[in-house]
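The values are calculated or read from the model by the stated rules, or taken from the named source; none is laboratory data. The shown structure was predicted, so the numbers you read here are calculated from the model rather than taken from an experiment. Backbone-built Cβ (ideal geometry, glycine too); neighbour counts: all protein chains shown. In case anyone asks, the SASA skips ligands and DNA or RNA and just uses the protein heavy atoms, side chains included. Shrake-Rupley method; radii C 1.70, N 1.55, O 1.52, S 1.80 Å.
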Amino acid sequence: MLEISRRKFLLYGSAAMGTSLLLKACGNSNPTQTSNSPTAAGGGEGFKVAIALPGVRSDKAWNQAGYEGVNIAKQKLGAETAYVEQVAQPDQAEALSDFARRGFNVVFAHGGQFDAAVEQVATQFPKTFFVAVNGSVNAENVAALRIDHLQASYLCGIIAASMTKSNRLAYLAGQSFEATLQELRGFELGAKSVKPNVQISSSFTGDWNDIARAKEATLAIISSGADVIYQWLDNSSPAVLQAASDKGIYAFGNTTDQLNVAPKAVLTSALKRIDLAIAFLAEQAKNGQIKGQTYALGLARPDILNLGKFGQMVPEALQKQVLSTRQAIINNKITFESCQEGGKETRCVKTAST
């Protein structure tokens with residue numbers, strides 16, 4: 001897979017002849033160079049897929065899943081692929097534009113924080129299809145790809161409320177945007193279905209990968225009295241889980257099965273196979289079937305959204321209850337529909353009997 005290093009991308013993006021210089025640099029790339037320099041492209045001819053990552057591709061979480069999804073497209077579809085990692089917010093539009101200028105058919109913007117950049121760039125490159133992963137934007141050449149975070153977090157909320165002793169839960173994520181707010185809402189709904197008076201706080205570190213900041217936020221949450229944390233972070237995720245373990249409280253893994261990171265703390269993990277979801281949309285694009293709409297993939301696709309292994313501390317009866325609830329969601333006996341609450345539009349639970 002071709003990598004455009006962040007340093008070289010910024011240099012070429014600011015040059016007057018940026019595109020031609022970048023093409024020349026890529027054409028002379030050495031397949032054995034390190035990850036800080038362009039590496040060789042792979043795959044077949046004619047169909048090109050790229051991804052812009054906000055973090056590092058080896059974080060064992062969100063960014064790695066995106067990178068691996070494009071690799072699956074390379075292997076399964078024979079696509080030529082490329083990526084750029086650690087794209088800061090001010091550089092997002094140029095990163096996406098660079099891929100479009102170089103003729104990539106599909107460009108994945110890997111995170112809801114890319115939404116504004118996607119909207120800005122898509123109108124300038126109508127022949128390129130952009131996919132806003134975790135996004136909330138649609139256009140003729142823009143699709144939003146989402147895991148139904150609310151469904152999985154609802155199940156985790158049930159577990160959290162059943163396991164808490166302090167009656168205080170916490171949600172911790174990198175940034176506040178639609179996907180994280182949906183996940184928070186699902187966690188709240190699940191917890192309150194067990195304990196209506198349970199208290200749930202939310203915090204956002206402002207950085208998905210800052211380990212020190214994540215640990216500091218975790219310790220602050222624990223000091224406030226919360227004894228179960230639902231976290232969604234990337235490279236800094238293990239720091240949260242380990243801090244929870246050290247302090248004797250519980251937490252949830254996210255994106256990958258993180259039970260082994262802190263087996264004394266992790267109750268279960270929200271497994272989000274965003275890699276398979278990305279490969280699925282890449283295939284839709286290659287077949288000319290992708291549309292400018294939101295693709296929301298939930299528990300009905302267990303290969304894409306599921307729960308990980310349960311920690312030994314989770315009672316068997318609770319495990320069975322959660323798995324039964326999961327099946328009820330799959331069977332549409334439990335649904336999450338728009339509603340008004342406190343004068344604001346949100347999502348509420350509806351059961352088949354109501």
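Remarks
- On the stretch given as the stretch 202-239, residues that are in a helix (DSSP H, G or I) and aliphatic (A, V, I, L, M) total 9.
- Test: residue in the stretch 6-16 that is charged (D, E, K, R), open to solvent by less than 30 Å² (accessible area, probe 1.4 Å), assigned to a helix (DSSP H, G or I) and at pLDDT 50 or above: no
- Considering residues of the stretch 157-209 that are charged (D, E, K, R) and either at pLDDT 95 or above or open to solvent by less than 20 Å² (accessible area, probe 1.4 Å) (or both) only, the residue farthest from G135 (Cα to Cα): K165
- For Y154, the criteria (1) crowded, with 22+ Cβ neighbours inside 10 Å; (2) among the aromatic types (F, W, Y); (3) more than 20 Å from the chain's Cα centre (by Cα) hold in every case but one, which is (3).
Yes or no, residue by residue, for (1) at pLDDT 95 or above; (2) within 26 Å of W232 (Cβ to Cβ); (3) surrounded by 20 or more Cβ atoms within 10 Å (Cβ to Cβ):
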site	(1), (2), (3)
T19	no, no, no
N28	no, no, no
A41	no, no, no
G44	no, no, no
K48	yes, no, yes
V87	yes, yes, yes
D91	yes, yes, no
D98	yes, no, yes
G112	no, yes, yes
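- The stretch 236-256 residues that are open to solvent by 10 Å² or more (accessible area, probe 1.4 Å), paired with ones that are of a type in the set (S, T, N, Q) (beta carbon under 7 Å, 6 or more apart): T256/S269
- Test result for A270, among the small types (G, A, S) and at pLDDT 95 or above: yes
- Comparison of Q293, Q289, Q284 shows that the only residue that is open to solvent by 30 Å² or more (accessible area, probe 1.4 Å) and more than 23 Å from the chain's Cα centre (by Cα) is Q289.
- Test for A285: is it over 30 Å from T81 (Cα atoms) and either of a type in the set (S, T, N, Q) or assigned to a helix (DSSP H, G or I) (or both): no
- Here Q242 qualifies as in contact with a helix residue (DSSP H, G or I) (Cβ under 9 Å, 6 or more places away or on another chain), more than 18 Å from T164 (Cβ to Cβ), modelled with pLDDT of 95 or more and not in a loop (DSSP other than H, G, I, E, B).
- Residue within the stretch 95-118 that is within 17 Å of I304 (Cα to Cα), out of contact with any strand residue (DSSP E or B) (no Cβ under 7 Å at 6 or more places or on another chain) and not hydroxyl-bearing (S, T, Y) present: no
- Residue count, the stretch 304-346 (criterion: modelled with pLDDT of 95 or more, open to solvent by less than 80 Å² (accessible area, probe 1.4 Å) and touching an Asp or Glu at 6+ places or on another chain (Cβ under 8 Å)): 2
- When residues of the stretch 257-281 are limited to those that are under 22 Å from I229 (Cα atoms) and part of a helix (DSSP H, G or I), the one least open to solvent (accessible area, probe 1.4 Å): L259
- Of the numbered criteria (1) open to solvent by 20 Å² or more (accessible area, probe 1.4 Å); (2) in contact (Cβ under 8 Å) with a residue 60 or more places away in the chain; (3) among the β-branched types (V, I, T), the one T123 fails is (2).
- Only residues that are hydroxyl-bearing (S, T, Y) and farther than 17 Å from P54 by Cα were counted in the stretch 95-128, giving 2.
- The residues in the stretch 129-140 that are closer than 15 Å to V49 by Cα and open to solvent by less than 10 Å² (accessible area, probe 1.4 Å) can be counted, and the count is 4.
- Flag for I229 being buried (at least 19 other Cβ atoms within 10 Å of the Cβ), out of contact with any helix residue (DSSP H, G or I) (no Cβ under 7 Å at 6 or more places or on another chain) and touching a residue at least 40 places away in the same chain (Cβ under 8 Å): no
- Scope the stretch 286-314; condition touching a residue at least 40 places away in the same chain (Cβ under 8 Å), of a type outside the set (D, E, K, R), farther than 21 Å from L184 by Cα and in contact with a helix residue (DSSP H, G or I) (Cβ under 9 Å, 6 or more places away or on another chain); matching residues: I290, G311, M313, V314
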